[in-house]
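Some notes on the structure that comes next.
The values are calculated or read from the model by the stated rules, or taken from the named source; none is laboratory data. What you see is a predicted model, and the numbers here were worked out from it, not measured in a lab. All Cβ positions, glycine included, derive from the backbone under ideal geometry; neighbour counts span all protein chains shown. Ligands, DNA and RNA are excluded from the accessible area calculation, which covers all protein heavy atoms including side chains. Shrake-Rupley method; radii C 1.70, N 1.55, O 1.52, S 1.80 Å.
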Amino acid sequence: MDKKIVIPGDLLSENQKKAGYGTYIKNDKIYSSLCGIENLKEDKVGVIPLAGAYIPSANDVVIGIVIVVTPSNWIFDIAAPYDGLLHVSEYPRRVESREMPEILGVGDSVILRVKDVDSSMKVELALRDPSLHKLKTGQIIKVESVKVPRVIGHGGSMISMLKKETNCSIFVGQNGRIWIDGKDEDIELLSKALRKIEIEAQRSGLTDRIYNFLKNERIRQKESKPVEFFKKETEGVTATKEDHSEEIYRKIDVLLDPKN
């Protein structure tokens, strides 16, 4: 059963204490302030928006891409209407200005934390944490930031299943950028799954649906491999038989030769 789609003004609950994200209270009742998916929990009622740009908040962990290097700052595209600023003092060690382009150059991808966002939407970033670092391998997939909760799943159920079933490393940025790393065929499978999650984010039972999708894709992969293997084995066996036959025929010719 699909989850309920709501629009601004739809009544969500008569218990104002449960008001969550994407709602407003009027006459002690909770109404939707967004167009999105109704998100009902025991203690909260909210709305997950169907679309919208990523708006950074303090303590968000995001994947940024360096777009400019200045004498004292790295400027990042953080997949938001506003760029992010990483001051050189927020790098884990002391860095000279001349070193900055070598340490983090234009085009480099980095896992960062949003340190602060002021009233003018100046976004300050931080890198002083062992879990924050430059990404040197893998690929980055972009999904709508509003779909990130569905990629993670309730209690991390979706992302845990994706890691297990694809054998890939995954990091999900709150800005909708997702880093994945693994074998080529596993990365391809995970990319397909992420696209399917993004498209079907409004469906209920999504974790089970994606699990079945991955299982079926794995079966198809296994079914396609034996064909190539069988062909190679057959070619090898045929060649061996032909060589053996030629040896027998040579010996027979020697025996039948009147000169012997």
Residue 213 passes all but one of (1) more than 19 Å from the chain's Cα centre (by Cα); (2) open to solvent by less than 50 Å² (accessible area, probe 1.4 Å); (3) modelled with pLDDT of 80 or more; which number fails? (1)
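Of all residues in the range 143-186, which are hydroxyl-bearing (Ser, Thr, Tyr) and touching a residue at least 60 places away in the same chain (Cβ under 8 Å)? Break it down into steps so the answer makes sense when it comes.
First, the residues of the range 143-186 that are hydroxyl-bearing (Ser, Thr, Tyr): 145, 157, 160, 166, 169.
Hit for the range 143-186 is 145, nothing else.
On the basis of being modelled with pLDDT of 90 or more and either closer than 16 Å to residue 9 by Cα or open to solvent by less than 40 Å² (accessible area, probe 1.4 Å) (or both), does residue 46 make the cut? Talk me through it step by step, then tell me what you get.
Values: modelled with pLDDT of 90 or more: no; either closer than 16 Å to residue 9 by Cα or open to solvent by less than 40 Å² (accessible area, probe 1.4 Å) (or both): yes.
No.
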Go over the candidates 62, 47 one by one and state the one that is more than 30 Å from residue 98 (Cβ to Cβ) and touching a residue at least 40 places away in the same chain (Cβ under 8 Å). 47
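Results for (1) open to solvent by 60 Å² or more (accessible area, probe 1.4 Å); (2) at pLDDT 95 or above, shown as yes or no for each residue.
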residue: 92; (1), (2): yes, no
residue: 97; (1), (2): yes, no
residue: 101; (1), (2): yes, yes
residue: 104; (1), (2): no, yes
residue: 111; (1), (2): no, yes
residue: 126; (1), (2): no, yes
residue: 129; (1), (2): yes, no
residue: 144; (1), (2): yes, no
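Given 53, 79, which one is aliphatic (A, V, I, L, M) and touching a Lys or Arg at 6+ places or on another chain (Cβ under 7 Å)?
On the way: 53 fails: touching a Lys or Arg at 6+ places or on another chain (Cβ under 7 Å).
Within the list 53, 79, the selection yields 79.
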Just to be sure before I move on: is residue 206 out of contact with any Cys (no Cβ under 8 Å at 6 or more places or on another chain) and modelled with pLDDT of 95 or more in the structure I sent? no
